[in-house]
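The values are calculated or read from the model by the stated rules, or taken from the named source; none is laboratory data. Given the structure is predicted, the values throughout are model-derived calculations rather than measurements. Here Cβ is always computed from backbone atoms with ideal geometry, including for glycine, and neighbour counts include all displayed protein chains.
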């Protein structure tokens, strides 16, 4: 059994596995070279020759314990027939939502559009470099996908509050998303993913009164489904504020925490394995500062199943040498 699954399934604390969100991507010169030659990001995510290469780039550099498939949470809206573009300096840009198209999509069409993703997972899963390591598949949680689909842009830019008053639209899309997120998970697992992570990047946008309907219950349904596939599921409800309540209701196998929470408090509140929490900006500092941060997390989670990771993805300006130092220090200490 891999180090990560020993941590999650057997609650082992003798060694800390490590992988990083966005470990395959924009901070690596070898990725930037590929990206410069492939302007359309969606097409790149569907390229069955390049996706395996990109996914494995960090494993060729670093002694990490898992690959995460190079893809995007917005492949699900794409699979549902919504136009998805990525514009430099702007980020994701989605087409106007067409309820009729999304409501009438069928399983065969969805799977056909995303088949290259599954083919890439299959290729990666059979690569010898993954011996005793995991291949992580992932999805966006229903709420976060809904935000992108209705708002059409990252809510970092602005929120179209008029759309979010249409409760009937929201309920309809959430129902469709739960169904197709499950299908996307099923196909990733069937193709070779050994762990699934659910990203709820915009969970922090909701007030407490809406959390049960839009976060807890739909995510629990997806989590419970993933468990039936005999695959560990990690949830990352970023900025959820009350991680304890999330864990109590959703009951994932492990929880990824963001960098705004106090790890000591999380340790007191949560019994299940914990992942992440280190601020990505720590990789922009110096080795002494980074070492202190790693030792802090090692001390806090010394007797608790813990997977080293960040509280968000690796930043584009990160020096790969700092990533190497982080991974080597975690492994050697």
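Please count how many residues of segment 82-116 are under 20 Å from residue 44 (Cβ atoms) and either free of Cβ contacts under 8 Å to residues at least 60 places away in the same chain or touching a strand residue (DSSP E or B) at 6+ places or on another chain (Cβ under 9 Å) (or both). The qualifying residues number 17. Regarding residue 168, is this residue out of contact with any helix residue (DSSP H, G or I) (no Cβ under 9 Å at 6 or more places or on another chain), at pLDDT below 95 and not in a loop (DSSP other than H, G, I, E, B)? The answer is yes for residue 168. Do we find that residue 64 is in contact (Cβ under 8 Å) with a residue 24 or more places away in the chain, buried (at least 18 other Cβ atoms within 10 Å of the Cβ) and either within 15 Å of the chain's Cα centre (by Cα) or assigned to a helix (DSSP H, G or I) (or both) in this structure? Considered against the rule, which asks whether it is in contact (Cβ under 8 Å) with a residue 24 or more places away in the chain, buried (at least 18 other Cβ atoms within 10 Å of the Cβ) and either within 15 Å of the chain's Cα centre (by Cα) or assigned to a helix (DSSP H, G or I) (or both), residue 64 comes out as no.
Taking the condition surrounded by fewer than 16 Cβ atoms within 10 Å (Cβ to Cβ) and touching a residue at least 60 places away in the same chain (Cβ under 8 Å), does residue 328 pass?
yes
Regarding residue 157, is this residue modelled with pLDDT under 90 and not in a loop (DSSP other than H, G, I, E, B)? So residue 157 fails the test. What tally of residues in segment 101-122 results from selecting those that are buried (at least 19 other Cβ atoms within 10 Å of the Cβ) and farther than 29 Å from residue 170 by Cα? Selection size over segment 101-122: 2.
Looking at segment 212-245, which of the residues that are in contact with a strand residue (DSSP E or B) (Cβ under 7 Å, 6 or more places away or on another chain) and assigned to a helix (DSSP H, G or I) is surrounded by the most Cβ atoms within 10 Å (Cβ to Cβ)? Break it down stepwise before answering.
Of the residues in segment 212-245, the ones in contact with a strand residue (DSSP E or B) (Cβ under 7 Å, 6 or more places away or on another chain) are 219, 222-223, 226-227, 231-236, 243.
Restricting the remaining residues to those that are assigned to a helix (DSSP H, G or I) gives 219, 222-223, 226-227, 243.
Values: 219: 25, 222: 25, 223: 21, 226: 27, 227: 15, 243: 20.
This residue is 226.
Evaluation of residue 290 against the conditions (1) in contact with a helix residue (DSSP H, G or I) (Cβ under 6 Å, 6 or more places away or on another chain); (2) modelled with pLDDT under 95 shows that the sole unmet condition is (2).
What single numbered condition from (1) within 16 Å of residue 308 (Cα to Cα); (2) under 17 Å from the mean Cα position of the chain (by Cα); (3) assigned to a helix (DSSP H, G or I) fails to hold for residue 204? Unmet for residue 204, out of (1) within 16 Å of residue 308 (Cα to Cα); (2) under 17 Å from the mean Cα position of the chain (by Cα); (3) assigned to a helix (DSSP H, G or I): (1). Has segment 312-327 got any residue that is farther than 23 Å from residue 31 by Cα and touching a strand residue (DSSP E or B) at 6+ places or on another chain (Cβ under 7 Å)? No, because not a single residue in segment 312-327 is farther than 23 Å from residue 31 by Cα and touching a strand residue (DSSP E or B) at 6+ places or on another chain (Cβ under 7 Å). Among the residues of segment 183-211, those that are touching a helix residue (DSSP H, G or I) at 6+ places or on another chain (Cβ under 9 Å), more than 23 Å from residue 105 (Cα to Cα) and either surrounded by 23 or more Cβ atoms within 10 Å (Cβ to Cβ) or at pLDDT 95 or above (or both) comprise 192, 193, 194, 195, 196, 199, 200, 201, 202, 203.
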